[in-house]
Amino acid sequence: AQKITQTQPGMFVQEKEAVTLDCTYDTSDQSYGLFWYKQPSSGEMIFLIYQGSYDEQNATEGRYSLNFQKARKSANLVISASQLGDSAMYFCAMSRYNNAGNMLTFGGGTRLMVKP
Amino acid sequence: DSGVTQTPKHLITATGQRVTLRCSPRSGDLSVYWYQQSLDQGLQFLIQYYNGEERAKGNILERFSAQQFPDLHSELNLSSLELGDSALYFCASSVVDRGTDTQYFGPGTRLTVL
């Protein structure tokens, strides 16, 4: 079974600073995908970034980058130059590459609060 | 805006009742997923459909059922509702059903069972 652990229930960061949100995962699969989603207070789930288990380069999308360390089974999200609008819940998730479907397994989330 | 639509946005009903949640995937997406988000269980996968057929099942109760129609929209039916069914229900869609496919989420339906 797959498991995602996010050990930081809540974090503060000063506006314009960088912040790292931790995510560790457990799986026996060789092929898998790792995703980060943002959930603002309005409730919607917004896709941020994706990393495949065979990707050698760390994924980047604008101010978001994913620090993927396969041997340590970690997939931390780095947000550079934090903005007030980054205040939200952030979820790490994992998908499977198999014929039994493509469901996501989510971590418990980290609430990020950006201070002005 | 992800392109996934869900109706209704809010639903308030009583215990024992039955409700139907509706989802329209992004144009071109063949896979539809349903997730439940509650305070005690977090985000949990319920069920996946791909091009009209059930693809995978997660922690979905027997009182819950879903289907995907020929136009690819999907409905999640919840019956004999209990207080514990109160949650935010998300629909997501992806192009196909590979593990690399990004799932884009709809805005959710917030269900309150009184």
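Every number in this text was worked out from the coordinates using simple rules, so none of it is lab data. Model, not experiment: these values are computed from the prediction. With ideal geometry, Cβ positions are generated from the backbone for all residues, glycine too; neighbour counts draw on all protein chains shown.
When the range B:95-114 is filtered for residues that are under 17 Å from residue B:2 (Cβ atoms) and either of a type in the set (Ser, Thr, Tyr) or away from chain A (no Cβ under 11 Å) (or both), the ones remaining, listed by number, are B:102, B:104, B:109. Among the residues of the range B:67-94, those that are within 13 Å of chain A (Cβ to nearest Cβ) and closer than 15 Å to residue B:23 by Cα comprise B:88, B:89, B:90, B:91, B:92, B:93, B:94. There is at least one residue in the range A:95-108 that is within 14 Å of another protein chain (Cβ to nearest Cβ), in a strand (DSSP E or B), of a type in the set (Gly, Ala, Ser) and under 15 Å from the mean Cα position of the chain (by Cα). Within the range A:69-78, is even one residue surrounded by 20 or more Cβ atoms within 10 Å (Cβ to Cβ), more than 14 Å from chain B (Cβ to nearest Cβ) and either among the aliphatic types (A, V, I, L, M) or not in a strand (DSSP E or B) (or both)? Yes - at least one qualifying residue is present in the range A:69-78. Residues that are in contact with a strand residue (DSSP E or B) (Cβ under 6 Å, 6 or more places away or on another chain) and of a type outside the set (A, V, I, L, M) within the range B:43-66 comprise B:44, B:45, B:48, B:49, B:50, B:52, B:55, B:57, B:58, B:59, B:64, B:65, listed in sequence order. Can you spot a residue in the range B:12-30 that is within 8 Å of chain A (Cβ to nearest Cβ), of a type outside the set (Val, Ile, Thr) and buried (at least 21 other Cβ atoms within 10 Å of the Cβ)? Within the range B:12-30 (the criterion being within 8 Å of chain A (Cβ to nearest Cβ), of a type outside the set (Val, Ile, Thr) and buried (at least 21 other Cβ atoms within 10 Å of the Cβ)), the answer is no, since none of the residues qualifies. Summed over the range B:6-40, the residues that are in contact (Cβ under 8 Å) with a residue 40 or more places away in the chain and part of a loop (DSSP other than H, G, I, E, B) give a count of 12.
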